[in-house]
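Quick note: the coordinates plus some simple rules give every number you see, no bench work behind them. As the structure is a prediction and not an experimental result, all values here were calculated from the model. Cβ sites come from the backbone with ideal geometry, for glycine too, and all protein chains shown count toward neighbours.
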Amino acid sequence: MATPVQDERITGRVSGTLGRRLAGPQNRNLWFWVFVGPFVVGLAIFVYIPMIWSVYLSFFDARNTVTPSRFVGFANYHDMLTDPAFLSSLGTFIVFACFIVPTTYIGALGLALLIHRARVFKAFFRSVFFLPTACSYVVASLIWKMSVFQGLRFGLLNTVLRFLGIAPVPWLSISHPPWYWLVIVTLRLWLQLGFYMILFLAGLQRIPVILYEAAAVDGAKPGWQTFRYITFPQLRSTSVAVLILLLINAFQSFDEFYNLLANAGASGGGGYPPYARPPLVYLYYIALGNQQDFGHGGAGAVILALVIALFTVVQGKLLGLGRNSEQ
Amino acid sequence: MSINSPEAAAGPFSRRRFISAVGGAAAAAALAACGSNTGRNGSSSATSAEAGGATTSSAGSSSAGSGAGTTTFATDAVPSTPSSAEQGTVTLSQWYHQYGEAGTQQAVQRYAAAYKAATVKVQWNPGDYEKKAASALLTDSGPDVFEWGNGPSIDQIQAGQVVPLGDILGAAKSDFTQSLVDRMTYQGKLYGVPQVIDMQMMVYRKSMLAKANVKPPETLDELIAAAKTLSNGDVKGLFLGNDGGGGVAAGPLLWSVGADYLTADNQFGFGDPNVAVAFGKLHSLFTSGNLLLGAPSDWSAPDAFTQGLTAMQWTGLWTFPDIVKAVGDDFGVLPWPKFSATVGKPAVPIGAYGSAVSAKSKNPDAAKAYVKWLWVDQTQDQLDFAQSFGFHVPARKSLADKADKLKSGQAAQAVDILQKYGHAQSPLLWTSASGTALSDAVSNIVKSGANPAGELSKVKTVVQAELNRVLK
């Protein structure tokens, strides 16, 4: 620790007692902990300890207890990796991600381009599209379930269909055709498009105008050619960030699935259909539902975390996360 | 760095002093808030805030306030709790799920307030009660006394989360419905006291059936045919829940062909090929378009039926007061129909919330005494609870005979069906993992048209593994 000593020499202060030295020059250490301490404590209590604890639980037979005593090694991991329901939940996620990630990406980019070019009401459109981001997933799910995609003739969409002479569709109750995907995907699009649009808008504003001028001088046609060779490559770092965020968000999806598809079940205990059951919902039912099986739940959570990490790393490598867009 | 001007010195210094004071206070408050969660009395307010709208109400003597006033110093308050227990001012917390019928919450608070030997705080839990209660039972700040559908689960019992209640029923033991007492007993020890019997069955609009010239269905095929005849534009024939019956119909369907979840000696209970056939029929019903799907409230509420969205609905006895209010005498009751004219019997599920005592309770004996007082001794309250709000059948035979509101009309017919065709909702060793496996399979069969025999054999694998686990 040479730096503090040096600082003290510069400021001309002499270090005194131990407490004085721990506080650092100008009480810097003290102030560091005053400002950072509460957040570190909060993070430790609500994030790191539970995380470490769930890893610990994943090696135990932990049913209806969080202080288990029977060590089972990797048995829980083996069970989860051979559990068809858990594997199918990973499959559900992949279907969901394959759809939601490109759709949001293209939609957000398209909206950003349109608004970026808008001559009037730019701020208005920006706000209008961004507003749904402020809505909670739970509230939006209820609106989608109870009003827009309500299964009876009173629902908004069914009213329109009825007007066209089509019988009402119970959107969330049937699995053939899988209309529930329409409900889930439109909900998420509505909520998150605006946010990613703002990211793209920020990216668009960072592109130097000189580039467009130079391109025009060199004979690039406005429209597709300029977008393909100037705008899109310049947005690369934004695109990478957006794609990674989208993928992680898709993995973490829980609220809309749970609120749209969970049903009353047989005895009021609550049930969830086996389709459209993403990993987090499945783990929720294992660990926090009536099963209270924290061992298997913990193992599933660790597997899921590893899968997310793997996807992110691979995606980062492929897209060149952290590489400077100017290079 | 020389500071000569007194103004300059005072400026930053006082600002820093201010920030340090505020920061310190905030940190202290944060720590105190964390600390208070460990306290039993003091944490009740925090718990109810986290629980998202759960209401804690305190009833009884003034000692209830002893913890509430000292939230910040709850850690100090903990050691004092046992000593106050010795003085006969025990505070017990009792949890209920949210009963849908108006007035129930006030009633249970009234019963609790009348208890003199301890102060009972009633917590009413809207939303997902089972998950909330299950998490709370892991901590010290959970309930002392709580209700659980059909008594504590086998996993709760084997993990030692609930205490055996001993000979709490006393002389009244033979007065309780035997099948329910058996359901809440494990290895000869009683873990729950049946509160009231809940029953599910089918209700139908007499006028709609008469108009369509349909007689109340007695077999599965007749039910499917009736649903078809009764479907008429905006009115559907039958409502089995928004999942198309995957949840509620599974049990009755097993019994209606003469099978069960588990056999009497705790083996997989539905290898009968007719089970697969029956589930296949449910699939044809689901795809027929005669089933009401996507209703705003699910099967456990009477709304779809009372609003005329469906001619027949599977629901519970508890909805009868609302149904009578809406349609008067224009409804009839039916059990789940038998499989065919020659095979099987009609069936209805009966269940009971069981009152149990948490092993983490600081005063298990006081909690047991309270359970005995409320659910064994206070027969007048039990009768009130059973028939003043939603309809339930008292768990004690002597009270069932006194329940006047269950002696006439459709309620009497329902009780008659219960006595003839009632089955305990699910066996003790039917774990929730088994339940999930079955409901997944039923959903695959009913909604997606999967091969019934194949799906049921997958269930058998899970059930067998679960049985191996819990049979110790």
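Would you mind calculating the relative contact order of chain A from Cα pairs under 8 angstrom and at least 6 residues apart, reporting the percent as a whole number? Please report the intermediate quantities before stating the final value.
Numbers: 334 pairs, mean separation 79.2, N = 327.
With pairs under 8 Å counted, the relative contact order is 24 percent.
The C-alpha atoms of the stretch A:188-271 occupy a region whose extents along the principal axes are 72, 19, 15 Å, arranged from largest to smallest.
Under unit Cβ charges (Lys, Arg +1; Asp, Glu -1), what dipole magnitude, rounded to 20 debye, does the stretch B:113-208 have relative to its Cα centre? Spell out each step's value before the answer.
Values: 9 positive and 10 negative charges, 69 e Å.
Dipole of the stretch B:113-208, to the nearest 20 debye: 320 debye.
Among bridges DSSP assigns within the protein assembly as shown, what percent are antiparallel (round to 5)? If we restrict to bridges inside the protein assembly as shown, about 65 percent are antiparallel.
On alpha carbon coordinates alone, what is the Rg over Rh value for the protein assembly as shown, Rh being the Kirkwood radius? Display every interim value, and only then the final one.
Working: Rg = 31.2 Å, Rh = 30.3 Å.
Over the Cα atoms of the protein assembly as shown, Rg/Rh equals 1.03.
Computed on the Cα atoms alone, the convex hull of the stretch A:102-195 gives a volume of 122 cubic angstrom per residue.
If R0 is taken as 25 Å, the Cβ-Cβ distance between residue A:207 and residue A:307 corresponds to a FRET efficiency of 0.10. Structure note, pairs B:325/B:407; B:211/B:405; A:122/A:221; B:281/B:345: Cα-Cα distances above 20 angstrom occur for B:211/B:405; A:122/A:221.
Scalar couplings 3J(HN,Hα) for the stretch B:147-161, obtained by applying the Karplus form with A = 6.51, B = -1.76, C = 1.60 to θ = phi - 60°, are 9, 9, x, 6, x, x, 6, 4, 5, 5, 5, 5, 7, x, 7 Hz; x denotes Gly and Pro.
Please give the peptides B:99-107, B:238-246, A:35-43 ranked by average Cβ packing (other Cβ atoms within 10 Å per residue), highest first, as a rough proxy for protection. List each step's numbers first, then the result.
On the way: B:99-107: 15.4, B:238-246: 27.3, A:35-43: 12.1.
So the peptides B:99-107, B:238-246, A:35-43, ranked by packing, come out B:238-246, B:99-107, A:35-43.
When the Cα positions of A:94, A:189, A:124 are compared along the charge dipole of the stretch A:44-192, A:124 comes out farthest toward the positive end, with charges on each C-beta of Lys, Arg, Asp and Glu. Checking the cross-link pairs B:132/B:447; B:131/B:460; B:228/B:447 against a 21 Å limit on the alpha carbon distance flags B:132/B:447; B:131/B:460 as lying beyond it.
Can you compute the charge dipole magnitude of the protein assembly as shown about its Cα centre, using +1 on each Lys and Arg Cβ and -1 on each Asp and Glu Cβ, nothing else charged? Give it in debye, rounded to the nearest 20.
So the magnitude is around 1920 debye.
Seen from all directions on average, the stretch B:214-319 presents a Cα convex hull projection of 7.2 nm². Could you tell me which helices of chain A pass both thresholds, a Cα extent of 27 Å or more along their own axis and a mean Kyte-Doolittle hydropathy of at least 0.0, with helices taken as whole DSSP H runs? Span-like helices here: A:84-117, A:179-205, A:294-319.
Once the piece of chain linking residue A:40 and residue A:99 is laid out straight, how much longer is it, given 0.36 nm per residue of separation minus the C-alpha distance between them?
Working: separation 59, 0.36 × 59 = 21.24 nm, distance 3.72 nm.
Difference between extended and current length: 17.5 nm.
In terms of other Cβ atoms within 10 Å, A:70, B:183 run from fewest to most in the order A:70, B:183.
Starting from the alpha-carbon convex hull of chain A, give the projected area averaged over all orientations, in nm².
On the way: hull surface 109.1 nm².
Projected area, direction-averaged: 27.3 nm².
Taking every alpha-carbon pair in the stretch A:37-110 and binning the separations at 5 Å intervals from zero gives 3, 13, 12, 12, 13, 14, 14, 12, 5, 2, 1, 0 percent.
Counting helices only, and only those DSSP H runs with n ≥ 4, report the 222 nm mean residue ellipticity of the protein assembly as shown as the sum of -39,500 (n - 2.57) divided by its residues, in deg cm²/dmol to the nearest 500.
Values: 35 runs with 401 residues, N = 799.
Here the helix-only value at 222 nm equals -15500 deg cm²/dmol.
Just need the Rg to Rh number for the stretch A:55-162, please, alpha carbons only, Kirkwood Rh.
On the way: Rg = 22.8 Å, Rh = 19.1 Å.
Here the Rg-to-Rh quotient is 1.19.
When +1 charges are put on Lys and Arg Cβ atoms and -1 charges on Asp and Glu Cβ atoms, the dipole computed for the stretch B:222-281 relative to its Cα centre reaches about 240 debye. Mean partner shielding of peptide A:171-179, defined as the number of other chain Cβ atoms within 10 Å of each residue Cβ, is 4.
Which FRET efficiency value, to the nearest 0.05, is calculated for residue A:241 and residue B:221 with the Förster distance at 45 angstrom and r the Cβ-Cβ distance?
Details: r = 60 Å, r/R0 = 1.33.
Calculated value: 0.15.
Listed by chain and number, the lysines whose alpha-carbon sits under 21 Å from that of residue B:372, ignoring those within fewer than 8 places in the same chain, are B:116, B:121, B:173, B:189, B:360, B:362, B:397, B:402. Residue B:211 label point, 7 Å along Cα→Cβ, cut-off 20 Å on backbone N: hits in the stretch B:268-298? Flagged as within label range: B:290-293.
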